[in-house]
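Here's the structure we're looking at; comments come further down.
The values are calculated or read from the model by the stated rules, or taken from the named source; none is laboratory data. These numbers were taken from a predicted model, which means no experiment stands behind them. Positions of Cβ are generated from backbone atoms using ideal geometry, with glycine treated the same way; all protein chains shown enter the neighbour counts. These accessible areas exclude ligands, DNA and RNA; they are computed on the full protein's heavy atoms, side chains included. Shrake-Rupley method; radii C 1.70, N 1.55, O 1.52, S 1.80 Å.
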Amino acid sequence: MALPISASPFISQHYRFSNFHLRLSIPIKSTNKVFKPSNFPSSKWPTNKLIQPIGLNGDSRWSQPLLFGQHNRNFVQASAKLNFPDKNQPDEAAASNLVAKVLRFGSSVWRFIRPYSMTQPFTASICLFARVMVENRQLFQWSLLSTAFLGLISVVLAYVYLNGINQIFDIDIDRMNKPYLPLPAGDLSLKQAWFMTIFSVSTGLSILWLVNADLITTCLYGTCILVATLYYVPPFRVKRDPVATAILLPMMSICNYTGVLYATITSLGLPFQWTPPNVFIMTYSTLFFFVICLIKDIPDVEGDRKYNIQTFAAKFGPKNITFLGTTIMLLTYIGATVIGIYMSQAFKSYIMLPAHSIFALWLLFEARKLERANYVPEASANFYQILWKLLMLELLLFPFI
């Protein structure tokens, strides 16, 4: 038979090995002697020494030279298998822990600013700027790009502020509806959240001052900040009133889009005026954000009802609100095809008609899929994201119509 000899207790006291377990298989003759549990271990079998095979007295003539004898070669071979700790291991472990903490904090910040929500203002600003450049190709200068880039950063920072105060003042609701967010999950403290929120809006205003933005551009930017504050922050907290919400959120989009258009046009030395494409995109975005006010709360109906937040979805039900929002969007797409036909001098009908027909069919397909899913939170959230994708496609289409 083969008897395992455990050497770990002795070695750990002298060499401080970690996770070390050595086994020696020593061929011995089997014995029929039975030991009672009460006789083992005893005073003859101290537990703090190396356990010897049954029937052997003193140190084994195999184990002693192998591990601790004077045979250098055997000692080196045994030591090579024991994985002595590196002197640099504590420093490497500390560095690894520091890197892990930095990455974890960075991930929490990334989820706090919710970068997917930055896609819309980022894309809108670029496409609105591109449309003005397309209409005034002869006035384009490469120096405008640096100023436009700084303006784009200021717009994104305004949305960081919006997302920040949203999560700060909705932390109790998010514990039920969105527990994965960094504040309800405990990955960020309120102090850290406030710092990032105030820093973002302060930096955005500083950028406007740096690029010498005029009074109208600064006022439009400040209006967006004010509307976001009124929407989320007590004692105003307009989000509790669905009618006020349906007014303020489209107003914020109007100020944002108008600000980008105005800043771009005036940077070319031109007077600001409403061209048919600009009127179209402003009308579309206003109606879209009104629909967003209807649809956005469908996944959060349960939490909103618990905290007595009377959103349209909580008051009238997800089915009715989805039907209303889908109808408004379909009418918008029908209107886009009509003006593409009857205002061919201002729009490219060969783009307006097929594009908006495809958008309308996609919207109907997703609305039908949501109805079949019985408006569960997962399906409602997916439908909400589809609406944002439709807005993104409309914005990407805008410079070419």
Task: Prolate/oblate/rounded call for segment 248-401, Cα gyration tensor, a/c under 1.5 rounded - done: oblate
Open item on the list: I want to verify the translational diffusion coefficient of segment 171-245 in µm²/s; compute it with Stokes-Einstein, Rh as the Kirkwood radius over Cα pairs, at 25 °C and 0.890 mPa s.
Closed with: 169 µm²/s
Open item on the list: Below 8 Å, C-alpha to C-alpha, sequence gap of six or more: please give me the relative contact order for segment 123-198 in percent.
Closed with: 24 percent
TODO: Would you kindly find the accessible area of TRP362, with a 1.4 Å probe and non-protein molecules such as ligands, DNA and RNA excluded, rounding to the nearest 10 Å²?
DONE: 80 Å²
Open item on the list: Could you order the peptides 234-243, 138-147 from most to least packed, using the average number of other C-beta atoms within 10 Å per residue?
Closed with: 234-243, 138-147
Task: Formal net charge of residues neighbouring MET329 (Cβ-Cβ distance under 13 Å; K, R +1; D, E -1) - done: -1
- [ ] Just report the Cα centroid separation between segment 200-261 and segment 335-401, whole Å.
- [x] 26 Å
- [ ] Subtract the Cα-Cα distance of ASN212 and MET343 from 0.36 nm times their separation in residues, and report this length gain in nm to one decimal.
- [x] 43.4 nm
Open item on the list: At 0.36 nm per residue, and after removing the present C-alpha to C-alpha distance, how many nm does the segment from PHE316 to THR119 gain when stretched out fully?
Closed with: 67.9 nm
TODO: Show ILE126, ILE351 ordered by accessible area, largest first, where the area counts protein heavy atoms only and the probe is 1.4 Å.
DONE: ILE126, ILE351
Task: PHE169, PHE195, PHE312, PHE347, ranked by accessible area, largest first (probe 1.4 Å) - done: PHE195, PHE169, PHE312, PHE347
- [ ] May I ask for the distance between the Cα centers of segment 141-169 and segment 264-278, given as a whole number of Å?
- [x] 21 Å
TODO: With r as the distance between the Cβ atoms of ILE351 and LEU330 and R0 = 25 Å, compute the FRET efficiency 1/(1 + (r/R0)^6) and round to 0.05.
DONE: 0.85
- [ ] Quickly work out the ALA373-to-LEU361 label distance, labels modelled 7 Å from Cα along the C-beta direction, and quote it in nm with one decimal.
- [x] 2.2 nm
Open item on the list: Test of understanding: what is the full-extension gain from VAL233 to LYS389, defined as 0.36 nm times their sequence separation minus their Cα-Cα distance?
Closed with: 53.3 nm
- [ ] Mark the label point 7 Å from the Cα of THR283 along Cα→Cβ and return the residues of segment 316-342 whose backbone N is within less than 12 Å of it.
- [x] 332-342
Open item on the list: List residues of segment 192-233, by number, whose backbone nitrogen lies under 12 Å from a label position 7 Å along Cα→C-beta of MET176.
Closed with: none
Task: Pair ILE198, ASN97: separation of 7 Å Cα→Cβ label points (nm) - done: 3.1 nm
